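As structure tokens, the structure follows; a few thoughts come after it.
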Amino acid sequence: MRRPRAARPAKAASASSSPWAPIGAREHMRAMKREAVLRTAAQIFNEKGFHATSLDEVAERLHITKPTLYYYVKNKDEILFECVQIGLQLLQDAIHEVGQSGGTAFDKLQAAMQQYVHIVTQDFGMCVIRVGEDPLPPESRRQLRRIKAALDQEIRHLIRQGIDEGSIAPCDPKLAAFTLMGALSWIGRWYDPKGELSAQDIAQQCCGLILRGLQSPNVPR
């Protein structure tokens, strides 16, 4: 009587067929999911405010459980800190990049202002304007305000540079920076992505009004 053959052992799976993704891929996936948590929270903060937003709402909108949410963030304060920090970093990077480009200081300032509007009409940038660092503990507020101060200095530097080269009219750089950024920051409060004008249209028109003024060129000065 023929004895049944023993089952052959399965061949060892190659590294590429492992059911576990490589470490780099896992870290990338976790980073993407964490960004989704932060972006979703920023959207709800912008809609309802920080104090009126619960982590249950964030988890519900992401279709995950609250315990899963805690795998990516510690608490609501950490979420807000990260959202504001990302928004400020985007602004800082954009203004710094513009400052390294060619053209006059006026050209650079105009480009920086348009980039500023573009960012404050997006989720993280809008969170900087609509929520900001005020709800956070003192040390977190100090860290974020240092980034804001650096942003302000970048704008003042462009204005001083323009005054020195003659592309910007003589003015107080501090007052000018406060006026420009204050006006543009307010767009982050009233901007409606469902409105008639796109963020780009708003950036062009608002920056034009601020830089050229309202007076008609035909009116004697």
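The values are calculated or read from the model by the stated rules, or taken from the named source; none is laboratory data. All values derive from a computational prediction rather than experimental measurement. Cβ coordinates were reconstructed from backbone atoms using ideal geometry, including for glycine residues, and neighbour counts include every protein chain displayed. Ligands, DNA and RNA are stripped out before the accessible areas are found, and what is left, the full protein with its side chains, is counted by its heavy atoms. Shrake-Rupley method; radii C 1.70, N 1.55, O 1.52, S 1.80 Å.
Less than 14 Å from a label point 7 Å out along the Cα-to-Cβ axis of Lys74: which backbone N atoms in the range 126-150 qualify, by residue? Correct set: 137-141. Computed about its Cα centre, the charge dipole of the range 131-212 is approximately 240 debye, with only Lys, Arg, Asp and Glu carrying charge at their Cβ.
Pick out, in residue order, every one of the trypsin sites (Lys or Arg not before Pro) in the range 36-132 that is DSSP loop and has at most 11 other C-beta atoms within 10 Å; say none if there are none.
Those that pass, being in a loop and sparsely packed, are Lys74.
Take Leu175: with every protein chain present and a 1.4 Å probe, its accessible area is about 110 Å².
Take every Cα pair under 8 Å whose residues are at least 6 apart in sequence, average their separation, divide by the length of the chain, and the relative contact order is 20 percent. Of the solvent-accessible surface of the chain, computed with a 1.4 Å probe and all protein chains present, 54% belongs to carbon and sulfur.
Where does the range 102-215 land on the Kirkwood hydrodynamic radius, alpha-carbon pairs, in angstrom?
Details: mean 1/r = 0.0664 Å⁻¹.
After inverting the pairwise mean of 1/r, the radius is 15.0 Å.
Put simply, the Cα atoms of the chain extend 115, 41, 39 Å along their principal axes, the longest span coming first. In order along the range 22-28, the Karplus-derived 3J(HN,Hα) couplings, from 6.51 cos²θ - 1.76 cosθ + 1.60 at θ = phi - 60°, round to x, 4, x, 5, 5, 5, 5 Hz, and Gly and Pro are given as x.
Scanning the chain for chymotrypsin sites (Phe, Trp or Tyr not before Pro) that sit in a DSSP loop and have at most 15 other Cβ atoms within 10 Å, the longest stretch containing none of them is 72-221. One decimal place: the segment Gln89-Asp56 gains 9.1 nm when fully extended, by the rule 0.36 nm per residue minus the C-alpha distance.
What spacing in nm lies between the two simple spin-label points modelled at Arg146 and Thr104, each 7 Å away from Cα in the Cβ direction? Each label point is offset 7 Å from its Cα along the Cβ direction, giving 3.7 nm. Measuring only protein heavy atoms, the 1.4 Å probe finds Thr65 accessible over about 80 Å².
A Cβ-based charge dipole, computed about the Cα centre of the chain with Lys and Arg at +1 and Asp and Glu at -1, lands at about 1560 debye. The angle between the Cα long axis of helix 138-165 and the longest principal axis of the Cα atoms of the chain comes to about 50 degrees, rounded to the nearest 10. Loop-located trypsin sites (Lys or Arg not before Pro) in the range 139-207 (DSSP state not H, G, I, E or B) with no more than 15 neighbouring Cβ atoms inside 10 Å: Lys194. In the chain, helices alone account for a calculated mean residue ellipticity at 222 nm of -22000 deg cm²/dmol, with every DSSP H run of four or more residues adding -39,500 (n - 2.57).
Give me log10 I(q)/I(0) at q = 0.11, 0.20 Å⁻¹ for the range 37-148, Debye formula, one equal scatterer per alpha-carbon, no solvent. Log10 I(q)/I(0), no solvent term: -0.40, -0.99.
The residues of the chain present an accessible area of 64 Å² per residue when probed at 1.4 Å with all protein chains retained.
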